[in-house]
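Here's the structure, in C-alpha cells; my notes come after.
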Amino acid sequence: MKIGFFSDPHCGSEELCCGTRRPVLSLGKMKKALEYFRSENVGLVVCCGDLINGSGNVEEGKAYLRRATDLMRESKIPFYCVIGNHDLYDFDRETYYHAAGLPPLPFSTRADSVTLVFIDACYTDNGKTYFFEEKKADWKNTFVPYDQIDMFRDFLCHAPADEKIWLISHQSIDPLTEKSHIIRDSAAIRDVISEYGRGRVKRAICGHYHAGGEHEINGVKYTVIRGMCNGEESLPRSIRIFDTEE
C-alpha cells in the first residue's frame with residue numbers, strides 16, 4: 001500500500017502571515033495534493049498536523065477545520081490527522097475532534113503490512129495542553145506525556161517480532177531537526193525504540209518544522225514533511241509517498 005503524507009497547511013483566511021505562510025491558499029494546495037495522491041493510487045493519507053492556522057476566532061477555526069476535513073473526505077481516500085499546536089489555538093481537543101470528526105490520539109492502526117502509531121506531543125512539561133489552557137505558552141515547550149510513552153513501550157513489548165512500525169507525530173523525534181521543533185522528551189521515546197523496537201520501528205514521520213528534513217539513525221528513517229503553507233506554490237515538495245512494502 002502507498003501512504004501519502006502532507007503537513008502544516010495552516011488553513012485560514014490570512015493572505016500572509018509570519019513572512020512566508022499563505023493560509024488562504026492552503027485548501028487549494030490540499031485539493032491538488034489529494035488529486036495527485038489519487039492519481040498515484042495512494043491507499044491512505046496522513047496529515048501530520050496544523051490543519052488550521054488558528055485566528056483567535058473559534059467559529060472561524062471550526063469552519064476551516066471542517067472545510068479541510070470535508071475536502072479529505074471528498075477525495076474518497078481514507079485518512080488520519082495528527083493534532084498540531086496550531087490546531088489547539090482556537091479551542092480544546094474535544095472541540096477539535098468533534099468539529100473535525102477525527103479519532104483522538106494516541107492510537108495505532110494497521111495499514112497493510114505496517115502498523116502506524118500516532119502520538120500527541122501537544123503538552124507542556126506539567127502535562128497541560130497548549131495553547132488553549134495556557135494562551136501564548138511557549139510552543140517550543142512540547143512533551144509527550146509519560147502515559148503515552150508507557151503505552152508505546154507496552155505496544156512494542158507485545159508486538160510480533162516481525163512487525164513493521166511507523167511512528168507518527170506532529171513535532172519531531174529526530175535529534176538532528178532544528179532544536180526548537182524537537183519534542184523535549186524525545187530522547188525517552190528514542191530510548192524506548194532502541195530497547196524495545198530495534199529492527200521493527202522503521203520510520204518516524206512528523207511535520208512542524210516547515211523546512212523539512214530526512215535522516216537515518218540506528219536503522220530508523222526520520223522524515224520531517226515540509227510545510228504546505230509556505231509560499232504561493234509549495235507543491236510537490238511538501239508531499240511524500242511511502243510504500244508499506246519498502
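The values are calculated or read from the model by the stated rules, or taken from the named source; none is laboratory data. Here the structure is a predicted model, which is why all the values come from computation and not from measurement. Neighbour counts are summed over all protein chains in view; Cβ atoms, including those assigned to glycine, are modelled from backbone coordinates with ideal geometry. Side chains are part of the model used for accessible areas, which takes the heavy atoms of the whole protein and leaves out ligands, DNA and RNA. Shrake-Rupley method; radii C 1.70, N 1.55, O 1.52, S 1.80 Å.
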Between Gly28, Ile119, Gly84, whose Cα lies farthest towards the positive end of the dipole of the chain when Lys and Arg beta carbons carry +1 and Asp and Glu beta carbons carry -1, centred on the Cα centre? Gly28
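Report the equivalent ellipsoid semi-axes for segment 1-125 in whole Å, largest first, defined as the square roots of five times the eigenvalues of the gyration tensor built from alpha carbon atoms.
Numbers: eigenvalues 105, 68, 30 Å².
Equivalent ellipsoid of segment 1-125: 23, 18, 12 Å, largest first.
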Dipole size in debye (nearest 20) for segment 18-98 around its Cα centre, Lys and Arg Cβ +1, Asp and Glu Cβ -1? 360 debye
What order, most packed first, do the peptides 218-229, 26-37 have when packing is the mean number of other Cβ atoms within 10 Å of each residue? 218-229, 26-37
Restricting to aspartates and glutamates and to Cα separations under 15 Å from Lys2, and discarding same-chain partners fewer than 8 apart, the set is Glu35, Glu40, Asp112, Asp243, Glu245, Glu246
Around Cys81 (Cβ within 13 Å, Cβ-to-Cβ, excluding Cys81; K/R +1, D/E -1) the net charge comes to -2
How far, in nm, would the chain grow between Arg73 and Arg93 when pulled straight, counting 0.36 nm per residue and subtracting the alpha carbon separation? 5.1 nm
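Rounding to the nearest 20 debye, state how big the charge dipole of segment 117-235 is about its Cα centre with +1 on each Lys and Arg Cβ and -1 on each Asp and Glu Cβ.
160 debye
With only Lys, Arg, Asp and Glu charged, each at its Cβ (+1 for the first two, -1 for the last two), find how big the charge dipole of segment 20-172 is about the Cα centre; round to the nearest 20 debye. Intermediate values should be presented prior to the final figure.
On the way: 19 positive and 22 negative charges, 143 e Å.
In debye, rounded to 20, segment 20-172 gives about 680.
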Please list, in order, the residues from segment 1-22 whose amide nitrogen is less than 17 Å from a point placed 7 Å along the Cα→Cβ vector of Ile241. 1-7
Mean accessible surface per residue for segment 172-246, computed with a 1.4 Å probe while every protein chain stays in place, in Å²: 46 Å²
Pairs of lysine in segment 120-246 with Cα under 29 Å and at least 8 positions apart or on different chains: total? 14
Structure-based [θ]222 nm, the chain - -39500 (n - 2.57) summed over DSSP H runs of at least 4, per residue, nearest 500: -8000 deg cm²/dmol
For segment 36-118: accessible area per residue (Å², 1.4 Å): 39 Å²
